[in-house]
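These notes are about the structure you will find just below.
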Amino acid sequence: MAENYVIDEMISAKAIAARIEELAQEIRKEFSETEKLIVVGLLRGSFVFIADLVRELDMNVEVDFLEASSYGDSMESSREVRILKDLRGEIGGRDVLVVEDIVDTGFTLSHVVNLLSSREPRKLETIALLDKPTRREVEIRATWTGFEIPDEFVVGYGIDYAQRNRNLPFIGKVRFV
């Protein structure tokens, strides 16, 4: 791991908060008929996003987590998705929103959507804070996207580089020096 890098702010904390408010309105509208929305956060990167998002959802929600990995400590996807922690609750016949931090190659989100779809939820939608469409290798798009970004390595707001920088309140671009 390179120790010499700086982080340039790419998306401010204020911009993230404003976008989450907008996304929450759209989600409330989409799931207005649901009795309880099961919000599934993909660990670890989505934990900050999911916390802020569910606080903006003025509806009955249940939060669960699934941990999938295709990166390890690397900057490149291994393209092999492993489930490290599965859901605790059942989603069959329920309304589910999968919360992802970033859609890059698409392997992780595609794998998770296929896995959860096989459990027969009533409705399954996805949201990603960030999307890098130029890196896509699998045909998948989140139902909602916070921000589309260029092919840059980013950290902050829950997203890490080798388990560092998750605590930054903004999304920053990693620049090696």
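Has the stretch 123-131 got any residue that is outside any loop (DSSP other than H, G, I, E, B), basic (Lys, Arg) and closer than 24 Å to Ala18 by Cα?
No, there is no match, as no residue in the stretch 123-131 is outside any loop (DSSP other than H, G, I, E, B), basic (Lys, Arg) and closer than 24 Å to Ala18 by Cα.
I want to confirm something. Restricting to the stretch 47-75 and keeping residues that are in a loop (DSSP other than H, G, I, E, B) and at pLDDT 95 or above, which single residue is surrounded by the most Cβ atoms within 10 Å (Cβ to Cβ)?
Once the filter is applied, the top-ranked residue is Leu57.
What is the residue count in the stretch 143-177 for residues that are of a type in the set (A, V, I, L, M), surrounded by fewer than 17 Cβ atoms within 10 Å (Cβ to Cβ) and either in contact with an Asp or Glu (Cβ under 9 Å, 6 or more places away or on another chain) or not in a loop (DSSP other than H, G, I, E, B) (or both)?
Residues meeting the conditions: 1.
Which count do you get for residues in the stretch 83-119 that are crowded, with 19+ Cβ neighbours inside 10 Å and charged (D, E, K, R)?
5
Only residues that are farther than 18 Å from Arg166 by Cβ and either over 18 Å from the mean Cα position of the chain (by Cα) or surrounded by 14 or more Cβ atoms within 10 Å (Cβ to Cβ) (or both): list them for the stretch 3-24, please.
Asn4, Lys14, Ala15, Arg19, Leu23, Ala24 - these are the residues of the stretch 3-24 that are farther than 18 Å from Arg166 by Cβ and either over 18 Å from the mean Cα position of the chain (by Cα) or surrounded by 14 or more Cβ atoms within 10 Å (Cβ to Cβ) (or both).
What about Val113, is it part of a helix (DSSP H, G or I), modelled with pLDDT of 95 or more and not aromatic (Phe, Trp, Tyr)?
yes
Contact list please: Cβ distance under 7 Å, first residue in the stretch 105-133 and more than 13 Å from Val40 (Cα to Cα), second residue part of a helix (DSSP H, G or I), pairs at least six apart or on different chains.
Between residues of the stretch 105-133 that are more than 13 Å from Val40 (Cα to Cα) and residues that are part of a helix (DSSP H, G or I), the close pairs are Thr105/Arg135; Leu129/Phe49.
Within the set of pairs 6+ apart or on separate chains, which have a first residue in the stretch 43-65 that is over 24 Å from Arg82 (Cβ atoms), a second that is assigned to a loop (DSSP other than H, G, I, E, B), and C-beta atoms under 6 Å apart?
The qualifying pairs are Asn60/Lys36; Glu62/Lys36.
The values are calculated or read from the model by the stated rules, or taken from the named source; none is laboratory data. Owing to the predicted nature of the structure, the values given are computational and were not obtained by experimental measurement. Every residue, glycine among them, receives a Cβ derived from its backbone with ideal geometry; neighbour counts consider all protein chains shown.
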